[in-house]
Amino acid sequence: MYFSALLIFAVIAEKTVNERQFLPMGEGGSYFLHIGDDTLEITLTDFIITRDLSNAVDYESRLLINKKDTFSVRVNHPYSYEHVRFYQSSYRSLTPFYFCMEDTLKLFEGQTDTLQSVPLTFLEYDPVLERAAIRYNKVLFYLPVEKEYQFMNRELYIYPGPSEIGTVLEYVEVRGHTILIIIVLTMVLLLFYRTIKRK
């Protein structure tokens, strides 16, 4: 009975201290996950939905991490990368935005890419104020959408594109392993002690 209670406590403790977050992703630019002192750069290279008649029976996200490692995350097939686990949670409709300034850049909310050789991050779109929050050259700007705007001495035009199906990943930063290991070792020692005591 005590061992069952300890095991339940161990699992609850591990789940409680883990950091969880949902990440909607569209194909294209990079997403940056800040995990402790580390930063992971993730790009969705392909999202595949397998259908049986009209129902989705499986979906898979193919990802590039830190521009060198590729992996896939499928339903019921999570992937562990260092101290992070990725789960295929769901999928949904996402709206890309186009940033036109000589070059044209397509970004979903949260994505980063380079425009005129300078990193641009599309943070979010505010539909009430009809403006996009961006970080360009490490400076935060709020820019109007679907209006020409003088930006960095050039004309910039931002407009939404047609919605696309994107993935929703759940990533879990695993922090509870130490607690789990300590509790399991304590259970083993208690079991060993009880076995010796009976003899």
Looking at the stretch 140-157, which of its residues are in contact (Cβ under 8 Å) with a residue 40 or more places away in the chain and more than 17 Å from residue 122 (Cα to Cα)?
-> 154, 155
Starting from the stretch 32-50, keep only residues that are touching a residue at least 24 places away in the same chain (Cβ under 8 Å) and closer than 22 Å to residue 114 by Cβ, then list their pairs with residues that are open to solvent by 60 Å² or more (accessible area, probe 1.4 Å) and outside any strand (DSSP E or B) whose Cβ atoms are within a distance under 6 Å, requiring at least 6 positions of separation or different chains.
-> 44/27
Check residue 93 against each of (1) surrounded by 12 or more Cβ atoms within 10 Å (Cβ to Cβ); (2) part of a strand (DSSP E or B) and name the one condition it does not meet.
-> (1)
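For every residue, the table says whether it meets (1) modelled with pLDDT of 90 or more; (2) polar (S, T, N, Q); (3) touching a Phe, Trp or Tyr at 6+ places or on another chain (Cβ under 7 Å); (4) open to solvent by 80 Å² or more (accessible area, probe 1.4 Å).
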| residue | (1), (2), (3), (4) |
| --- | --- |
| 2 | no, no, no, yes |
| 9 | no, no, no, yes |
| 29 | no, no, no, no |
| 33 | no, no, yes, no |
| 38 | no, no, no, no |
| 54 | no, yes, no, yes |
| 58 | no, no, no, no |
| 64 | yes, no, no, no |
Complete set of residues in the stretch 99-125 that are open to solvent by less than 50 Å² (accessible area, probe 1.4 Å) and either out of contact with any Gly (no Cβ under 6 Å at 6 or more places or on another chain) or acidic (Asp, Glu) (or both) = 99, 100, 101, 105, 110, 115, 116, 118, 120, 121, 122
Failed item, numbered, when residue 19 is tested on (1) modelled with pLDDT of 85 or more; (2) out of contact with any Gly (no Cβ under 8 Å at 6 or more places or on another chain); (3) of a type in the set (D, E, K, R) = (1)
Counting just the residues of the stretch 126-147 that are part of a strand (DSSP E or B) and buried (at least 16 other Cβ atoms within 10 Å of the Cβ), which one comes out modelled with the lowest pLDDT?
-> 136
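The values are calculated or read from the model by the stated rules, or taken from the named source; none is laboratory data. Computed from a prediction, not measured in an experiment: that's the story for all the values here. All Cβ positions, even for glycine, are placed from backbone atoms using ideal geometry, and neighbour counts span all protein chains on display. The accessibility values were calculated without ligands, DNA or RNA, using every heavy atom of the protein model including side chains. Shrake-Rupley method; radii C 1.70, N 1.55, O 1.52, S 1.80 Å.
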